[in-house]
Amino acid sequence: MLLHEAFEATCERLPGKTAIICGRERVSYGELAARVAALAALLHERGVERGDRVALFLESSVEFAVAVHAVLRLGAVFMPVSALTKADKLAYILVDTRCKALLTQAHLRPVWDDALQRSPCVSSCVVAGESGQDGRLLGWPAPGSAGAGPRCRELIDQDLAAIIHTSGTTGLPKGAMLSHLNMCSAWNSVQAYLGLREDDVIGLALPPAFSYGLYHVLMALGLGATLVLERSVAFPIKVVESLVRERVTVFPGVPTLYAALLELSGIEGHDLSALRIVTNAAAALPDVHLQRLRELLPQAQLFSMYGMTECKRISYLPPEQLDLRPTSVGRGMPNQECWLVDEAGQRLPNGSTGELVVRGSHVMRGYWEKPAETAQRLKPGAVPGERILHTGDTFRTDAEGWLYFVARSDDIIKTRGEKVAPREVENAIQALSGVLECAVVGVPDERLGQAVKAFVKVKPGAVLAERDVIRHCLARLESYMAPKSVVFVEHLPRTDSGKIRKTGLQ
Amino acid sequence: MPETKATLRQYIRDNFILGSQAMNFADGDSFMELHILDSTGFLELVSHLEETYGITVKDEEMVPENLDSLDALHAFLMRKRAA
């Protein structure tokens with residue numbers, strides 16, 4: 001089975017049904033199919049073929065969904081890139097993957113314009129909100145003229161469908177390579193326990209460039225449900241109004257988003273009775289928010305889940321277990337196996353603490369052209385030829401095998417539900433003139449989970465203010481990566497080998 | 001009060017915009033669409049308004065119509081101060 005087949009079947013079956021609602025835009029499945037065909041035709045004409053990488057530097061939008069399905073039907077590989085990404089990282093991804101085409105939008109021009117100048121491999125850049133052609137820049141095609149549009153007939157489920165970049169401890173993003181089989185497997189496992197339906201209205205306030213949001217776009221459109229894209233997360237009341245207005249039945253969120261919604265005064269006054277499934281991932285919900293959500297939405301099933309880009313999802317807690325073990329993320333999901341190992345890789349019995357490992361057909365093929373990082377995560381399993389995903393996350397199990405998150409084994413910071421590599425932030429701060437050295441850590445934060453905090457030692461005579469450092473980072477990094485606070489220090493603690501010692505920096 | 005609009009523009013520039021990003025945003029441009037402010041940025045902006053101008057921004061006033069452009073921000077501030 002190929003990742004885009006369910007969507008194409010829906011378009012044939014339900015052409016008149018509303019597929020996506022985004023702001024004032026409402027698009028039917030028939031209209032969506034025509035837009036996909038038109039974009040696929042343009043990309044085909046521009047030479048995009050099976051296996052080519054195509055970057056999607058787009059906000060949560062109808063164009064994003066169109067782009068995913070147009071790239072897939074050509075047998076090419078889509079790479080979602082967060083709309084918050086700045087030029088340096090975008091250029092790195094484009095060049096590193098020898099990306100053939102970039103699909104983006106007019107509003108993001110300052111970033112892609114800069115990145116494109118450094119990316120000669122990109123032979124076409126298709127821009128939503130613009131028309132005409134200027135060299136390799138092309139306007140987004142209007143639907144209508146393409147008919148059914150071109151498609152790759154040779155494609156099989158072993159081919160790559162997507163490369164999703166995730167933060168690496170080295171500070172450079174790693175591209176998790178996912179085949180059609182990987183993604184369809186993850187989808188089927190999730191669907192087996194979540195039970196989404198054609199009559200669902202799925203409210204998506206999460207960015208679709210990350211795995212959690214992306215799968216809701218794929219699943220909603222594959223099932224023939226209606227997807228409501230909500231971009232105003234900065235304005236929680238707008239998110240609530242949209243849940244009410246569209247009678248949203250399924251809502252995926254992360255702790256920071258739930259905190260913002262639950263803190264709204266008068267949220268009880270809104271009719272949220274249509275919600276039947278509410279999910280949380282990326283980090284644990286604080287107890288108080290868990291309780292608040294259950295009081296507010298007594299009719300809804302609440303799923304606590306755990307996963308990672310490298311295989312999408314690993315575990316979920318069945319809603320009926322929530323009262324019994326509120327801090328557990330469950331015992332795995334259908335059609336996969338997960339267990340804990342010790343440092344020697346030996347399987348541990350229930351009631352132990354160790355690294356969580358996972359096997360299943362949803363496990364990625366590796367990181368794009370990063371053999372060392374791949375070997376660290378994917379290790380040989382008991383079945384010859386099989387590779388097991390070593391998550392790098394430490395869990396404990398209770399006597400019945402229920403999983404409880406303990407800690408990450410690397411120094412990645414989780415803030416607002418997103419991963420931040422301290423090294424990446426340090427590299428950015430180091431580029432600021434006046435900075436001698438710096439160290440970045442995550443500190444506990446009620447709203448963000450962890451907040452990014454920087455310790456900076458300035459060069460003699462240099463004068464810097466906290467805001468200078470933050471502003472500098474905002475210009476270079478995704479906004480969630482910029483430090484929330486900066487402390488200037490006389491010296492940074494060192495280990496015996498001369499490295500900066502981060503333990504104790506708070 | 002034209003000086004207030006200039007002051008607000010200066011605040012946005014000083015705190016959120018730097019270097020190659022420093023486009024000259026128009027008074028009516030959306031901060032969100034241009035990625036000048038994100039959700040944390042809007043919270044910082046609201047704290048700044050409350051501290052600097054002695055107003056209180058209610059939850060239901062945290063909407064793009066009040067905050068998501070220099071024009072909107074200025075009009076909102078004028079209304080709050082008149083109230």
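Quick note: the coordinates plus some simple rules give every number you see, no bench work behind them. Here the structure is a predicted model, which is why all the values come from computation and not from measurement. A quick note on method: Cβ atoms are made from the backbone with ideal geometry, for glycine too, and the neighbour counts reach across all protein chains shown.
Numbers at a glance
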read-out	value
Helical contribution to [θ] at 222 nm, DSSP H n ≥ 4, -39,500 (n - 2.57), averaged over chain B, rounded to 500	-17500 deg cm²/dmol
Whether segment A:113-244 is rounded, prolate or oblate, judged on the alpha carbon gyration tensor where a/c under 1.5 counts as rounded	rounded
Per residue Cα convex hull volume in Å³ - calculated over segment B:33-82	74
Ascending count of other beta-carbon atoms within 10 Å, so fewest first, for A:MET1, A:MET177	A:MET1, A:MET177
Where labels lie 7 Å past Cα in the beta-carbon direction, separation of A:THR353 and A:SER131 in nm	6.3
Extension reserve of the A:VAL288-A:ALA372 stretch, reckoned as 0.36 nm per residue once the Cα distance is removed	26.1 nm
Residue exposure sequence - A:GLU466, A:GLU12, A:GLU490 - by fewest surrounding Cβ within 10 Å	A:GLU490, A:GLU12, A:GLU466
Ordering of A:282-290, A:102-110 by burial proxy (mean other Cβ atoms within 10 Å per residue, highest first)	A:102-110, A:282-290
Net charge over other residues, Cβ less than 11 angstrom from the Cβ of A:TYR215 (K, R count +1; D, E count -1)	+2
Other protein chain Cβ atoms within 10 Å, averaged over every residue that makes up B:29-37	4
Label-to-label distance, nm, for residues given as A:ARG46 and A:ALA462 (7 Å Cα→Cβ offset)	4.0
Test item: Cα-centred dipole of chain A, Lys/Arg +1 and Asp/Glu -1 on Cβ, debye	700
Space enclosed by the convex hull of the alpha-carbon atoms of segment A:269-384, per residue, Å³	152
Rounded, prolate or oblate (a/c below 1.5 giving rounded, otherwise prolate when a/b exceeds b/c) for segment A:228-277 by Cα gyration tensor	rounded
Tensor-based shape of segment A:397-468 (alpha-carbon gyration tensor, a/c under 1.5 rounded, otherwise prolate or oblate)	prolate
Within chain A, longest stretch clear of exposed trypsin sites (Lys or Arg not before Pro) (DSSP loop, no more than 11 other Cβ within 10 Å)	A:154-498
Sorted by Cβ neighbour density within 10 Å, fewest at the top, the residues A:GLU337, A:GLU478	A:GLU337, A:GLU478
Cα-projected label distance for A:THR327 with A:GLU437, points at 7 Å along beta-carbon direction, nm	3.6
Under 13 Å, Cβ to Cβ, from A:LEU293 - net charge with Lys/Arg +1 and Asp/Glu -1	-2
Chain A - mean residue ellipticity at 222 nm from DSSP helices (-39,500 (n - 2.57) per run, n ≥ 4, rounded to 500)	-8500 deg cm²/dmol
Segment B:33-82, dipole about Cα centre (Lys/Arg Cβ +1, Asp/Glu Cβ -1), debye to the nearest 20	300
Formal net charge of residues neighbouring B:ASP68 (Cβ-Cβ distance under 10 Å; K, R +1; D, E -1)	-4
Separation between Cα centres of segment A:232-258 and segment A:419-444, rounded to whole Å	33
Alpha-carbon centroids, segment A:1-59 and segment A:103-118: separation in whole Å	22
Whole-number D in µm² s⁻¹ for segment A:309-444, Kirkwood Cα-pair radius fed into Stokes-Einstein, 37 °C, 0.692 mPa s	194
Peptide A:229-236, shielding by other chains (average Cβ, 10 Å cutoff)	5
Size of the protein assembly as shown as Cα extents on the principal axes (Å, biggest first)	66, 64, 53
Cleavage-rule hits, GluC sites (Glu not before Pro), segment A:291-333, DSSP coil, Cβ neighbours within 10 Å at most 10	none
For residues of A:474-482, the mean tally of beta carbons on other chains within 10 Å	4
Of every Cα-Cα pair in segment A:357-506, the percent that sits beyond 24 Å	47
